[in-house]
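The values are calculated or read from the model by the stated rules, or taken from the named source; none is laboratory data. None of these values were measured; they are calculated from a predicted model. All Cβ positions, even for glycine, are placed from backbone atoms using ideal geometry, and neighbour counts span all protein chains on display. Calculation scope for accessible area: heavy atoms of the full protein, side chains included, ligands and nucleic acids excluded. Shrake-Rupley method; radii C 1.70, N 1.55, O 1.52, S 1.80 Å.
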Amino acid sequence: MPPRELWERFFDPDGVLEALGCGALPGDVVELGCGYGTFTTAAARRVSGTVYASDIDPMMVRATIDRATQSGLQNVVVEARDFVSEGCGRPDGSVGFVMLFNILHIEDPISLLREAHRVLHSRGVVGVIHWRRDIETPRGPPLELRPDPGQCRSWAEKAGLRWLSSPALAGSAWHWGMTLGRTTRAQRP
Ligand SMILES: C[S@@+](CC[C@H](N)C(=O)[O-])C[C@H]1O[C@@H](n2cnc3c(N)ncnc32)[C@H](O)[C@@H]1O
């Protein structure tokens, strides 16, 4: 990750969350790989439920905890977790919004989407953003690792999710966004 000040020039967290509908539904939020908490605290201000954020990197966990504390937010829980081996730790069907932001270039994106599907309640939404690969961007993973929206949608469908929308992301020109919802049955791995 680049330094926080640089990273946060690339997004408008409120514009992203508004476009993806975070806060439109009641319930808790899960964020997998929260980084500096760029979106964690913005989400926590928008929802009445709790934002459960996690990251494998203890420095990112500390940064996000400090940020939530300094912002006076009472509805943020941050944990050090490896989502590959431990998932997000929330019960099945318990969450209204899952954030998968700048994370789906990992080795096994379908398993992460399955974890999002597992915790989502029936009307819940998964919000995805990632770096565009069709234009030059100032940062982001190597082009060959970046999923485009079509790739993401195909992975999501394998994980039992269905495409809902691909909204424009106000103030975040280097990213694309997508929302996904639950289907009645997940496909088997
Ligand atoms: C590119 S950053 C994105 C951070 C944040 N989602 C954002 O968009 O600002 C990816 C984050 O995912 C975390 N991460 C990577 N692999 C992980 C894993 N297996 N379990 C938990 N966190 C992970 C990294 O430590 C890093 O903070």
Do you know which residues across the range 43-66 are of a type outside the set (A, V, I, L, M) and either within 23 Å of Gly21 (Cβ to Cβ) or crowded, with 21+ Cβ neighbours inside 10 Å (or both)? Arg45, Arg46, Ser48, Gly49, Thr50, Tyr52, Ser54, Asp55, Thr64
Between a residue in the range 19-32 that is part of a loop (DSSP other than H, G, I, E, B) and any residue that is open to solvent by 30 Å² or more (accessible area, probe 1.4 Å) and of a type in the set (S, T, N, Q), which pairs come within a Cβ distance under 8 Å, given they are 6 or more apart or on different chains? Pro26/Ser48; Gly27/Ser94
Taking only pairs six or more apart or across chains, which ones have beta-carbon atoms under 8 Å, a first residue in the range 49-67 that is over 10 Å from Glu79 (Cα atoms), and a second residue that is of a type in the set (D, E, K, R) and surrounded by fewer than 21 Cβ atoms within 10 Å (Cβ to Cβ)? Ala63/Arg4
Residues in the range 122-145 that are open to solvent by 50 Å² or more (accessible area, probe 1.4 Å) and in contact (Cβ under 8 Å) with a residue 12 or more places away in the chain total 9
Among the residues in the range 140-158, are any of a type in the set (Lys, Arg) and in a strand (DSSP E or B)? no
For the range 47-82, how many residues are away from the ligand (no atom under 16 Å from the Cβ) and of a type outside the set (Gly, Ala, Ser)? 7
Among the candidates Pro91, Pro58, residue that is at pLDDT 95 or above and within 25 Å of Glu157 (Cβ to Cβ): Pro91
Look at Gly93 and say whether it is of a type outside the set (Lys, Arg), more than 11 Å from the ligand (Cβ to nearest atom) and open to solvent by less than 20 Å² (accessible area, probe 1.4 Å). no
In the range 159-182, which residues are assigned to a loop (DSSP other than H, G, I, E, B), within 23 Å of Val119 (Cα to Cα) and free of Cβ contacts under 8 Å to residues at least 40 places away in the same chain? Ser166
Please verify whether the range 170-177 includes one or more residues that are more than 20 Å from Thr40 (Cα to Cα) and either open to solvent by less than 30 Å² (accessible area, probe 1.4 Å) or away from the ligand (no atom under 16 Å from the Cβ) (or both). no
For Thr40, indicate whether it is touching a residue at least 12 places away in the same chain (Cβ under 8 Å), crowded, with 21+ Cβ neighbours inside 10 Å, within 12 Å of the ligand (Cβ to nearest atom) and more than 14 Å from the chain's Cα centre (by Cα). no
